[in-house]
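Notes for the one structure printed next.
The values are calculated or read from the model by the stated rules, or taken from the named source; none is laboratory data. Since we're looking at a predicted model, the values are computed, not measured. Glycine also receives a Cβ, built like all others from the backbone with ideal geometry; neighbour counts cover every protein chain displayed. SASA here: full protein model, heavy atoms, side chains in, ligands and nucleic acids out. Shrake-Rupley method; radii C 1.70, N 1.55, O 1.52, S 1.80 Å.
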Amino acid sequence: MNQRVPKPPASLGTAINTQLLTNVAVDARQASTHELTQALSYVARAQLSQRWVENAVRERTNKARRVCYLSMEFLIGRSLSNALAALDLGDAARKGLQEYARTLEDVADQEPDAALGNGGLGRLAACFLDSMATLGLPSFGYGIRYEYGMFAQEIQGGQQMEYPDPWLTDGTPWEFPRLEIAHPVRFGGWVEHVDGKVNWRHAAEVVAKAYDMVIPGHGNRKVSTLRLWKASTPAHIDLGAFNTGDYARAAGAKNEYENISWVLYPNDSTPAGRELRLKQEYFFVAASIQDMVARHLQENPSLDNFADKLAIHLNDTHPAIGVAELMRVLCDEHGMEWAKAWDICRNTFSYTNHTLMPEALETWTVALMQHVLPRHLEIIFLINKEFLEQAARHRPGDNGFLARLSLIDEHGERRVRMAHLSIVGSHKVNGVSQLHSDLLVQTIFADFASMWPERFTNMTNGVTPRRWLSEANPGLSSLLDDTLGTGWRLDLDLLKGLRAHADVPAFQQKFAAVKRANKERLARTIEERTGIVVSPDSLFDVQVKRIHEYKRQLLNLLHVVTRYLAILAQPDADWVPRTVIFAGKAASSYHMAKTIIRLIHDVAAVINKDPRIKDRLKLVFIPNYGVSLAEVIMPGADLSEQISTAGTEASGTGNMKLALNGALTIGTDDGANIEIRQNVGDDNIFIFGLGASEVQALRQRGYHPMGYYESVPALRSALDAIAGDMFSPDEPGRYGPLVDSLLWRGDHYMLLADFGSYIAAQSRVDALYQEPKQWWARAIANVAGMGPFSSDRTIRQYASEIWRVAPLPD
């Protein structure tokens, strides 16, 4: 962390010119903004490459213990601004670009977001790699080089439409193809056991090719490596078929297997989609484990000390098949005895769970596993046999206990439980907020915790302040620098020094001016992307996240409709102007989530065009939510909606990013909201609704949503308006089934139970917003309380308590 970093040059003008000539091959006098982006990226890349090589040499020389982080997603966003910040080249880049009559902001905006993830899971992984590098931990991230991301979201007629996100069409200067690193990944076939040896007779094979991206540390010369795998067929086309004119068959094998790395989370509503998902997961895990084993054997004489030199972390259950794969590699390919291999496996793996909902825990049918990975199914059966024998000794005669623990769900069609495999194959299992971790051992994993209480722990999530404050909010960063010094980027606990300034009028004025500028920037973005004009004078009420029923965007919308009807009923009341901002993607096969998006647009179409409302209420949905858009939204938000049903959100990180940028939270006591409340103070957050224990108690007593509909007039009016034709005059009854799901099909996420408390909390928001001095004091208190939510703190905790990985000396 204290490694000396050379003083940056005053200007990068000459370096940019050199790269324009040598790598972009254009005349500097005629270079386009896009070409300048390429050139500046190559300037930064060259310096990062030096750091990368230095780190690789140091790690090999010291035979360092590494952490390898397996994740289906790494939502890293844009790389240029982050690289310049890590290299301390921001000012030099600005000065250099002046020679070409460009601003750094215009140049940086040319870079597309890397389409390597979708939501919180992927953004968390990206924050973690940033912190691993900044803390100097020897580390690799492993994932898939998606060519088209999940999808690019467009809105047509109020409905989500999905299109490919071709972020690699023009290439990217940030990846390094490793032509010499390629691993075979096999599927299908059958297994032979001959003379005590196992032979997997696979039916198909794909080659995993490595593409590396460098993740720079800040305040040092350390880096982390993100290694992404591209699927490639051993033979690109069937030349014989091509020469006979059968072009489709000639390219068939190429497309069949290379599509493994085309799209993140392909639609799994069909058998083909489910098979592709399983192949994706195994593809990147198998390539990654082969890569780790090969690197280990380059540095060590045998695999006996594999667990001493490597920590493999499973980010959710997507890479859980790695437990079976490592056993296959150790036993089948390297002849290791089963018990020894299992001991290495358990001491190597650790697992983060990200959900409390049993239906969200990944499972695969035994039939599909047999078809795609027959040897791995055998290994899973063996693991399960030994595990259940151990469990039977722990609780003799309790067959229900064994059925709940089994890696195979025998109810209905037999399924492999991947979370169970992750727990059994890991030495540590963690949740991502204290409430989440507590509920894990009290509910879905209670049986495992009864056997291995020491295996379960908590690691509350965090976010990197470099991306989410220093880069996303330069105005607030500058104010913090002037007030606290610059050290907060590497020690976020220094933000607590703001508490002494929270009630100081001069500081409040500066803080408010920064927020105003950020809201004006966000208003411009909204107009550019939606055509809707919003006023920065209004309260910006923000809910930006994956669209899902448990996140309760529909509850937020019920408040919007209630507010709209109330304004119509009391037009002369002193209404606080409010702009409600949604953004987020719905999974392509998730009908209800897509219906909610359509309802948001239908409600917006009515409210925004109603002349009686004027600017007192606006509703907008910003399409194609991603990292770069979030970097504009988070600094401009006044109110952060974190309103999931208590006990359903594992942690959340959007809540942290918004509070870090001075938004006040309205939310349930769920996930990390609880710890945010504890750190910012009960008076500086708007908590409403049932707690997790109250939700469970109400379910047990019997929840009757119709009673709330009948007894709460504002709720009844809002639901009737949605179910009728107020917001869908072209198709009356369009949202009848949605309302019926609340009234007659159980309201699973208890929107109606929390509605009254939510509306009351929104009234408290209005009242506080009308008292600017109090509002700004509480907003500043939120920023001041965010020190514990740095991903640096989280990664230090992982490194010391789970991975046992230490920074290398300089």
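Here the stretch 35-147 is treated as a sphere whose radius is the Kirkwood value from Cα pairs; by Stokes-Einstein at 10 °C and 1.306 mPa s it diffuses with a coefficient of 102 µm²/s.
Dipole orientation for the chain: of the candidates 260, 629, 345, 345 has the Cα lying most toward the positive pole (charges on Cβ; Lys, Arg +1; Asp, Glu -1). Taking amide H as placed 1.01 Å from N in the peptide plane, the amide H of residue 141 sits under 5 Å from that of 69, 225, 226, 227, each at least 5 places away or on another chain.
Per-residue surface analysis assigns residue 443 an accessible area of about 80 Å², computed on protein heavy atoms at 1.4 Å probe radius. Packing order of peptides 421-431, 399-409, highest average first: 421-431, 399-409 (average count of other Cβ atoms within 10 Å over each peptide's residues). For the stretch 140-199, the alpha carbon convex hull comes to 208 Å³ per residue, rounded to a whole number.
What is the ratio of the Cα radius of gyration of the chain to 2.2 N^0.38 Å, with N the residue count, to two decimals?
Taking the Cα Rg and dividing by 2.2 N^0.38 Å, one obtains 0.96.
In the stretch 246-337, the convex hull through the Cα atoms has an average projected area of 8.3 nm², a quarter of its surface area.
Taking each residue as 0.36 nm, the span from residue 259 to residue 159 lengthens on full extension beyond its C-alpha to C-alpha distance by 33.3 nm.
Between residue 773 and residue 509, residue separation times 0.36 nm minus the direct Cα-Cα distance comes to 94.1 nm. Summed over the residues of the stretch 292-424 and divided among them, the accessible surface reaches 37 Å² per residue at a probe radius of 1.4 Å.
Rounded if a/c is under 1.5, else prolate if a/b beats b/c, else oblate: with a ≥ b ≥ c from the C-alpha gyration tensor eigenvalues square-rooted, which is the stretch 351-392?
Here the stretch 351-392 falls in the oblate category.
The modelled label-to-label distance for the pair residue 516/residue 810, using points 7 Å beyond Cα in the direction of Cβ, is 4.3 nm.
The stretch 518-559: D in µm²/s via Stokes-Einstein (Kirkwood Rh, Cα pairs, 37 °C, 0.692 mPa s)?
Working: Rh = 11.9 Å.
Value of D from the Cα-based Kirkwood radius: 277 µm²/s.
Label sites at residue 706 and residue 22, each approximated as a point 7 angstrom past Cα along Cα to Cβ, lie 7.7 nm apart.
Classify the stretch 658-792: rounded, prolate or oblate, from the alpha-carbon gyration tensor (a ≥ b ≥ c, eigenvalue square roots; a/c under 1.5 rounded; otherwise prolate if a/b is larger than b/c)? Note, shape of the stretch 658-792 comes out prolate. Helix-only arithmetic for the chain: the sum of -39500 (n - 2.57) across DSSP H runs with n ≥ 4, divided by the residue total, places the mean residue ellipticity at 222 nm at -14000 deg cm²/dmol.
Extension gain, residue 446 to residue 57: 0.36 nm times the residue separation minus the Cα-Cα distance gives 135.6 nm.
Could you please state how large a percent of the accessible area of the stretch 467-535 is carbon and sulfur, counting protein chains only and using a 1.4 Å probe?
Details: 1670 of 3290 Å².
Carbon and sulfur atoms account for 51 percent of the accessible area of the stretch 467-535.
How do the peptides 634-645, 765-776 rank, highest first, by the average count of neighbouring beta carbon atoms within 10 Å per residue?
Sorting 634-645, 765-776 by mean packing, highest first, produces 634-645, 765-776.
Return the subset of 209/551; 222/309; 209/594; 609/773; 496/618; 63/209 for which the Cα-Cα distance in this structure is over 27 Å, preserving the input order. Don't skip to the answer; put the middle values down first.
On the way: 209/551 37 Å; 222/309 19 Å; 209/594 36 Å; 609/773 33 Å; 496/618 35 Å; 63/209 25 Å.
Pairs exceeding the cut-off: 209/551; 209/594; 609/773; 496/618.
Going by accessible surface with a 1.4 Å probe and the largest first, 486, 794 read 486, 794. When Rg and Dmax are taken over the Cα atoms of the stretch 718-810, they come to 23.5, 68 Å. Between the stretch 282-361 and the stretch 440-478, the C-alpha centres lie 23 angstrom from each other. Rounded to the nearest whole Hz, the Karplus-based 3J(HN,Hα) values (6.51 cos²θ - 1.76 cosθ + 1.60, θ = phi - 60°) of the stretch 11-25 follow the sequence 9, 9, x, 5, 5, 5, 4, 4, 5, 4, 6, 8, 10, 9, 6, with x at glycine and proline. Calculated FRET efficiency, residue 232 and residue 569, Cβ-Cβ r, R0 60 Å, to nearest 0.05? Efficiency, rounded to the nearest 0.05: 0.40. Show log10 I(q)/I(0) for the stretch 663-725 at q = 0.18, 0.24 Å⁻¹, two decimals, from a solvent-free Debye sum over equal Cα scatterers. Cα-only, vacuum Debye calculation for the stretch 663-725: -0.84, -0.94. Measuring only protein heavy atoms, the 1.4 Å probe finds residue 190 accessible over about 140 Å². Note on the stretch 254-343: with neighbouring protein chains present and a 1.4 Å probe, carbon and sulfur make up 49 percent of its accessible heavy-atom surface.
At each listed q (0.16, 0.21, 0.24 Å⁻¹), what is the log10 of I(q)/I(0) that the Debye formula gives for the stretch 177-237 modelled as equal alpha-carbon point scatterers? Computed log10 I(q)/I(0) values: -0.69, -0.87, -0.97.
Per atom type, the stretch 126-189 shows carbon and sulfur on 50% of its accessible surface, probed at 1.4 Å. With bins 10 Å wide beginning at 0, the percent of Cα pairs of the stretch 436-591 falling in each bin runs 8, 21, 27, 26, 14, 3, 0.
Plainly put, the stretch 60-217 has a radius of gyration that is 1.08 times its Kirkwood radius, both from alpha-carbon atoms, as the Rg/Rh ratio.
Here's how it looks for residue 310: its modeled amide H is under 5 Å from those of 66, which are all 5 or more places away or on a different chain. When the Cα atoms of the stretch 446-534 are aligned to their principal axes, the ranges along those axes come out at 57, 39, 22 Å in descending order. Counted over the stretch 4-59 with a bin width of 5 Å, the fraction of Cα pairs per bin, in whole percents, is 4, 18, 25, 19, 14, 11, 6, 2, 0.
Rounded, prolate or oblate, given the Cα gyration tensor of the stretch 416-472, with a/c below 1.5 counting as rounded? Please report the intermediate quantities before stating the final value.
On the way: a/c = 3.04, a/b = 2.29, b/c = 1.33.
Since a/c reaches 1.5 and a/b is larger than b/c, the shape of the stretch 416-472 is classed as prolate.
Annotation: per residue accessible area for the stretch 697-770 equals 47 Å², rounded to a whole number [probe 1.4 Å, protein chains only].
Here the alpha carbons of the stretch 530-611 define both size measures, Rg and Dmax, at 13.6, 44 Å. Only helices reaching 20 angstrom along their own axis (Cα) with mean Kyte-Doolittle hydropathy no lower than -1.0 count here, and for the DSSP H runs of the chain these are 33-62, 120-134, 271-299, 374-394, 553-569, 591-607, 751-769.
In this label model, residue 744 and residue 682 are separated by 4.3 nm, measuring between points 7 Å along each Cα→Cβ vector.
Taking amide H as placed 1.01 Å from N in the peptide plane, the amide H of residue 589 sits under 5 Å from none that are at least 5 places away or on another chain. Note on residue 347/residue 88: beta-carbon distance plugged into 1/(1 + (r/R0)^6) with R0 of 51 Å gives a FRET efficiency of 0.80. The Rg/Rh ratio for the stretch 257-409, using Cα coordinates for both the radius of gyration and the Kirkwood hydrodynamic radius, is 0.98.
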